[in-house]
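Engineer: Quick one: structure below, then a few questions.
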Amino acid sequence: MNRAMRPLLATTAIFALAYLAAILQFPAMLSTRVLGNFLTDNAFLGIAAVGMTFVIISGGIDLSVGAVIGFTTVLIATLIMWANMHPLLAFAIALVVSAAFGAVMGAAIHYLKVPSFIVTLAGMFLARGGASVLSPDSIGITHEVYTTISKSYILLPGGGRLTIIGLVMLAVFAVCMVLAHRTRFGSYVYALGGNETSAALMGVPVARTTILIYTLSSTLAGLAGIVFSLYTSAGYSLSALGVELDAIAAVVIGGTLLTGGYGFIAGTFIGVMLQGLVQTYIVFDGTLSSWWTKIVIGALLFMFILLQRLVFSASARAPGRKALWKT
Amino acid sequence: MKRLNWKGALLRPQFAALAAVLFINWLLFPGFFDITWQDGRLFGSLIDVLNRGAPVAILAIGMTAVIATKGVDLSVGAVMAIAGAVAAVMVTNGTPAMVAVAAALLVGLLCGLWNGVLVTFLDIQPIIATLVLMVAGRGLAQLVTEGSIVTFSDPVLIFIGTGSLLGLPMPTVIALCLMVIATLVVRRTALGLLIEAVGVNRSAARFAGISSRLLLLLVYTFAGFCAATAGLIVAGDIRGADANNAGLWLELDAILAVVIGGTSLLGGRFSIPMAVVGAMIIQAMNTGILISGFSPQFNLVVKSGVIILILMLQSPMASQWLSRRFAPAPLRKGKST
């Protein structure tokens, strides 16, 4: 067994055990209906978390994703409802805007040598502020494209529905797994996270890669915004508040090291599903209040961090202690 | 000597920025500097800035110490919510106010201690260690208040949030006291130096005989204490504990205040009074946007503009450009001072 895969296997095993425990208590949870809803309800979080995985593998952090999601929903809503634009054109504009936003943040991180934490914090304020300047109120979206998309799904055996947005998330995960593990860009990302100086000396184009990483993260956040607007049929500047934290939690639970240089896109998928499982379990239980979700996710996060510690101190070549921020 | 003066001037752009923001406020609202004495306390926009900025200033005091050790504390907003919830629930259950206040502060200390233990003994990166409490903390606060907004009419708690001492609003007095005490403690003892040493290089500091673990524990516990104090003020101000919204995003404002105050995010250089000035700049901007009649939505946009400006000014690129542009000739020859 490949030693490097251990955290991924541990995460998968824990998810399977948790799901098994949930099924034993509520047999109804074992159905394609629940699984289909898992995918639909967490699609936006999953897509945003994929981008976050790239950023974290490269040794950075992106705090702006939730705000970019919020901004995108408002932008799409204003374009469709106020400018009478076709949704597909609005989606394209939203993706371009969010990509440009990420590129600027990446450039600021690389050229100004400012910690990604601070640049993306500024980006978060800017995107949330921009969204509320566009419209402080929630805008409902009514368009036949929206109703068509929300009505179309693939019927799974057992009555489950695989919606378009669920499929989009699965596609994003598939494409990004290839991107991370089978392309030159992916290797550059891992190299950057390992050690930026060594990466530069080995010929990794640091500037281009950094900018591309944050562009990718923001574009995926924009896509998550599109999915979120399809999911809620509305644009609201405060939507997806705090999603960046859920995304970071999913990435960490998925076995990616926050020091960078090590991680899995597939792990992030499990991380997202585990968060969905907690939410669904609490809904099924009925006696637990919604705040338990936060507490349980916090506890899960803690558990997985401990797990990573144990796994990595057990392996012979433990990654060295690193600074919180790269200079 | 000349170089020192130049650097000394560079260290104080915060005051210039504060003056500029206040000046713009005065242009927007000519009565901005008017201060009146009424019912035994001072009133006026300037006093309001001091009053409203106090919670962030208090958070920033704790955050400065944490950031000086190359850490960050994301959980302060959640700790504020927990402390407010604990105090409010205890008071409504008939506990004497002083006990409730002490319990809330103790809870804050414990939260900080938890963060500190994660950072020091489990060796988890600060941003992640405190993320755990940031995610779970609001849930815990809701658990304490059972999901509702707990209101109270206890005079002591309300005094902490809205009372006044010597004419100054109570939050301001608390923030000032904390700032003075914290600054004296770190600057009149070796503590500040030790914190900076840990921030620059933790293992080197340990080899030099500094018990960095104890120091880090202390710093995070102090940040938790500051957060609990801010939480009490906010709860007293609205006469209730709102687990969902108390202190929401204030951790980011506090970090921003610290950054504006010139504390290096890479550790090793910090200034508590300057972080408080940073908090005042943020609050003065908030107030300015409010009185200017712009919708508060512009608040975040302006704030991000200011962060970007500060980042650009603090970046190595800018300082290189500045030193090339303005450095006196002898310096360029590489003469060391």
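Engineer: Multiply the residue separation of B:W321 and B:I181 by 0.36 nm, subtract the distance between their alpha-carbon atoms, and state the gained length in nm to one decimal. If you can, show how the numbers build up before the last one.
Structural biologist: On the way: separation 140, 0.36 × 140 = 50.40 nm, distance 3.83 nm.
Result: 46.6 nm gained on full extension.
Engineer: Something else now. What is the ratio of the Cα radius of gyration of chain A to 2.2 N^0.38 Å, with N the residue count, to two decimals? List each step's numbers first, then the result.
Structural biologist: Values: Rg = 19.6 Å, N = 327, 2.2 N^0.38 = 19.9 Å.
Ratio of Rg to 2.2 N^0.38 Å for chain A: 0.99.
Engineer: Okay, next question. List the residues whose amide H sits under 5 Å from the amide H of A:R161, counting only those 5 or more places along or on another chain, with H placed 1.01 Å from N in the peptide plane.
Structural biologist: A:G36, A:N37, A:L156
Engineer: Grab the Cα-Cα distance for A:V283 and A:R184, subtract it from 0.36 nm times how many residues apart they are, and report the gain in nm with one decimal. Present the calculation step by step, with values, prior to reporting the outcome.
Structural biologist: Details: separation 99, 0.36 × 99 = 35.64 nm, distance 4.30 nm.
Length difference between fully extended and current span is 31.3 nm.
Engineer: May I ask you to list the residues of the range A:131-148 whose amide nitrogen lies under 14 Å from a point 7 Å from Cα along the Cα→beta-carbon direction of A:A83?
Structural biologist: Answer for this model: A:134-135.
Engineer: List the relative contact order of chain B as a percent without decimals, with contacts defined as Cα pairs under 8 Å and 6+ residues apart. If you can, show how the numbers build up before the last one.
Structural biologist: Working: 567 pairs, mean separation 104.8, N = 337.
So the answer I get is 31 percent.
Engineer: Let me have the 222 nm mean residue ellipticity of the protein assembly as shown computed from DSSP H runs of 4+ only, each contributing -39500 (n - 2.57), with the sum over all residues rounded to the nearest 500. Intermediate values should be presented prior to the final figure.
Structural biologist: Numbers: 30 runs with 476 residues, N = 664.
Per the formula, -23500 deg cm²/dmol.
Engineer: List the residues whose amide H sits under 5 Å from the amide H of A:A234, counting only those 5 or more places along or on another chain, with H placed 1.01 Å from N in the peptide plane.
Structural biologist: A:I141
Engineer: Quote the relative contact order of chain A in percent (integer), defining contacts as alpha-carbon pairs under 8 Å separated by 6+ residues.
Structural biologist: Averaging sequence separation for qualifying contacts and normalising by length gives 34 percent for chain A.
Engineer: Moving to a separate point now. Please quote Rg/Rh for the range B:137-183 to two decimal places, taking the Kirkwood radius as Rh and restricting both calculations to Cα atoms. Walk me through the numbers before you get to the answer.
Structural biologist: Values: Rg = 14.8 Å, Rh = 12.8 Å.
Result for the range B:137-183 is an Rg/Rh of 1.15.
Engineer: I would also like to ask the following. When chain A is treated as a GNM, springs tying every alpha-carbon pair under 10 Å, which of A:A247, A:A48, A:A200 comes out with the largest mean-square fluctuation?
Structural biologist: Result: A:A200 has the largest fluctuation of those listed.
Engineer: Lysine pairs in the protein assembly as shown with Cα distance under 30 Å, only those 8 or more apart or on different chains: how many are there?
Structural biologist: Final tally of qualifying lysine pairs is 23.
Engineer: Please list, in order along the range A:272-287, the HN-Hα scalar couplings obtained from phi with the Karplus expression 6.51 cos²θ - 1.76 cosθ + 1.60 (θ = phi - 60°), rounded to whole Hz, x for Gly and Pro.
Structural biologist: Per-residue couplings from phi come out as 5, 5, 5, 5, x, 4, 4, 5, 5, 4, 5, 5, 5, 5, x, 8 Hz.
Engineer: ³J(HN,Hα) across the range A:97-113 via Karplus (A = 6.51, B = -1.76, C = 1.60, θ = phi - 60°), whole Hz, x for Gly/Pro?
Structural biologist: 4, 5, 5, 4, 4, x, 4, 5, 5, x, 5, 5, 5, 6, 7, 8, 6
Engineer: Continuing with the same structure: Hey, in the GNM for chain B with a 10 angstrom Cα cutoff, which one of B:L105, B:L309, B:L215 fluctuates hardest?
Structural biologist: So, out of B:L105, B:L309, B:L215, the one fluctuating most is B:L309.
Engineer: Under the 0.36 nm per residue contour assumption, what length would be gained going from the current alpha-carbon distance of B:R239 and B:W26 to full extension? Present the calculation step by step, with values, prior to reporting the outcome.
Structural biologist: Working: separation 213, 0.36 × 213 = 76.68 nm, distance 3.14 nm.
Answer, rounded to one decimal: 73.5 nm.
Engineer: Within the set of other residues whose C-beta is less than 12 Å from the C-beta of B:T151, count the net charge using Lys and Arg as +1 and Asp and Glu as -1.
Structural biologist: Local net charge: -1.
Engineer: Over the alpha-carbon set of the range B:35-126, work out the extent along each principal axis and list the three values in angstrom, largest first.
Structural biologist: Largest first, the range B:35-126 extends 53, 36, 15 Å along its Cα principal axes.
Engineer: Could you go through the range A:34-51 in sequence order and give the Karplus-derived ³J(HN,Hα) for each residue, using 6.51 cos²θ - 1.76 cosθ + 1.60 with θ = phi - 60°, rounded to whole Hz, and x for Gly and Pro?
Structural biologist: Each residue of the range A:34-51 in turn: 4, 5, x, 5, 3, 5, 5, 5, 10, 4, 5, 5, x, 4, 5, 5, 4, x Hz.
Engineer: Taking amide H atoms as placed 1.01 Å from N in the peptide plane, list the residues 5 or more away in sequence, or in a different chain, whose amide H sits under 5 Å from that of B:S164.
Structural biologist: Result for B:S164 returns B:M170.
Engineer: Label 7 Å along Cα→Cβ of B:E146; the range B:87-105 residues with amide nitrogen under 15 Å?
Structural biologist: Zone members listed by number: B:88-94.
Quick note: the coordinates plus some simple rules give every number you see, no bench work behind them. Predicted, not measured: the structure shown is a model, and the values here were computed from it. Here Cβ is always computed from backbone atoms with ideal geometry, including for glycine, and neighbour counts include all displayed protein chains.
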